[in-house]
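Chemist: Just passing along the structure, written as structure tokens.
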Amino acid sequence: MEGSYLKVGNRSFKSRLIVGTGKYKSFEETREAIAVSGAEVVTVAVRRIELDKTKESILNFIDPDKYTFLPNTAGCYSVKEAVMTCQLAREAGLGDLVKVEVIGDEKTLFPDNEATLEASDILVKDGFTVLPYCTDDVVLCKKLEQVGCAAVMPLAAPIGSGLGIRNPYNIRLIQEAVTVPVIIDAGVGTPSDASRAMEMGVDGILMNTAIACAKDPIKMAQAMKMAVESGRLGYEAGRIPKKLYATASSPLEGLIDL
């Protein structure tokens with residue numbers, strides 16, 4: 001069904017799970033985890049990988065005919081760095097679909113909202129399809145949509161924290177405020193976190209640490225795949241309303257007289 005696809009810009013993806021490529025024990029493990037996850041979009045930190053494929057590079061372990069690259073600007077602390085990193089990724093053949101993050105605080109790794117908005121505006125005008133990583137700020141997400149971002153990617157919790165969705169209410173407000181896809185990014189730790197997010201109706205989830213740093217990354221990749229799929233299916237099915245009192249599971253009419 002068309003409605004079951006994640007639509008970002010002019011692209012459509014069957015899987016709503018986007019995975020990262022960092023922190024794995026080896027490139028081989030990375031490749032296997034990605035395959036098991038069922039993800040179609042794979043993000044790479046442009047400033048932290050070897051772009052020269054004649055050398056040892058993660059790019060040699062990811063089939064560009066099978067996966068869509070989502071180069072990201074991890075490690076950038078200014079608008080200039082973020083813009084130049086995306087332009088470098090495009091020149092290196094990684095495409096024009098980019099995840100923009102401009103870090104504003106070294107301890108929490110929270111994004112600099114003003115710089116993220118400025119960098120996103122510049123990159124959209126330069127022909128990029130921009131997915132900005134941001135805080136769960138409703139006003140910011142509305143502004144990011146207004147400058148032409150193809151989606152917004154509010155954090156669930158600090159990067160790599162595994163705390164799950166700390167503020168589901170803000171995520172719901174963002175969903176109401178924008179018409180572009182809302183993709184949860186950062187903070188998911190368990191399959192139940194992923195399922196809960198998808199049950200809320202978010203359009204997708206991006207994760208890396210939760211899979212790569214698990215005791216068994218391959219099993220966790222499979223678990224996350226199933227969690228995202230079941231959570232989305234549950235959302236589409238429509239949950240029953242919450243009630244204070246019990247409701248009988250079977251009909252009360254036609255009871256046998258005793």
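Chemist: Mind putting a number on the dipole of segment 1-108 about its Cα centre? Charges go on the C-beta only, +1 for Lys and Arg and -1 for Asp and Glu, and I need it in Debye to the nearest 20. Spell out each step's value before the answer.
Modeler: Values: 16 positive and 16 negative charges, 39 e Å.
Roughly 180 debye for segment 1-108.
Chemist: What is the distance in Å between the Cα centres of segment 9-73 and segment 110-154?
Modeler: One Cα centre to the other: 22 Å.
Chemist: Among DSSP beta bridges whose residues both lie in the chain, state the antiparallel percentage, nearest 5.
Modeler: Values: 4 of 26 bridges.
Taking every DSSP beta bridge with both residues in the chain, the antiparallel ones total about 15 percent.
Chemist: For segment 121-238, compute Rh as the Kirkwood radius over C-alpha pairs and then the Stokes-Einstein diffusion coefficient at 20 °C and 1.002 mPa s; write the answer in µm²/s, rounded to an integer. Write down the numbers at each step before the final one.
Modeler: Details: Rh = 14.5 Å.
Calculated translational D: 148 µm²/s.
Chemist: Counting helices only, and only those DSSP H runs with n ≥ 4, report the 222 nm mean residue ellipticity of the chain as the sum of -39,500 (n - 2.57) divided by its residues, in deg cm²/dmol to the nearest 500. Mind dumping the intermediate values first?
Modeler: Working: 8 runs with 90 residues, N = 258.
That calculation yields -10500 deg cm²/dmol at 222 nm.
Chemist: Taking Rh as the Kirkwood radius, which is the inverse of the mean 1/r over Cα pairs, what is the Rg/Rh value for segment 39-160?
Modeler: On the way: Rg = 14.0 Å, Rh = 14.5 Å.
When Rh is taken as the Kirkwood radius, the ratio is 0.96.
Chemist: Mind checking Rg over Rh on segment 1-99, alpha carbons, Kirkwood formula for Rh? Each step should come with its number before you reach the end.
Modeler: Working: Rg = 13.8 Å, Rh = 14.2 Å.
Result: Rg/Rh = 0.97.
Chemist: For segment 30-171, what is the percent of antiparallel DSSP beta bridges, rounded to the nearest 5?
Modeler: Working: 1 of 13 bridges.
Of all bridge pairs located within segment 30-171, approximately 10 percent are antiparallel.
Chemist: Test of understanding: express the Cα radius of gyration of segment 159-225 as a ratio to 2.2 N^0.38 Å, with N the residue count. Provide the component values of the computation, followed by the final result.
Modeler: Values: Rg = 12.1 Å, N = 67, 2.2 N^0.38 = 10.9 Å.
Against the empirical 2.2 N^0.38 Å value, I get 1.11 for segment 159-225.
Chemist: Take the Cα atoms of the chain, find their three principal axes, and give me the spread along each one in whole Å, biggest first.
Modeler: Rounded to whole Å, the extents work out to 82, 40, 37 Å.
Chemist: While we're here: Restrict the search to segment 195-258; then list the trypsin sites (Lys or Arg not before Pro) that DSSP places in a loop and that have at most 13 other Cβ atoms within 10 Å of their Cβ. Show your work: numbers first, answer last.
Modeler: Values: sites: R196, K215, K219, K225, R232, R239, K242, K243; in loops: K215, R239, K242, K243.
For trypsin sites (Lys or Arg not before Pro) across segment 195-258 that sit outside H, G, I, E and B with at most 13 neighbouring Cβ atoms in 10 Å, the list reads K215, R239, K242, K243.
Chemist: Taking only Cα atoms, what is the 0 to 90° angle, nearest 10, from helix 27-37's long axis to the longest principal axis of the chain?
Modeler: The answer is roughly 30 degrees.
Chemist: Next question. By how many degrees, 0 to 90 and rounded to 10, does the Cα axis of helix 168-177 deviate from the longest principal axis of the chain?
Modeler: It is inclined by approximately 80 degrees.
Values in this text are rule-based calculations from the coordinates and carry no lab data. Note that the coordinates shown come from a computational prediction; the quantities given were computed from them, not determined experimentally. Cβ atoms come from the backbone with ideal geometry, glycine included; neighbour counts cover every protein chain shown.
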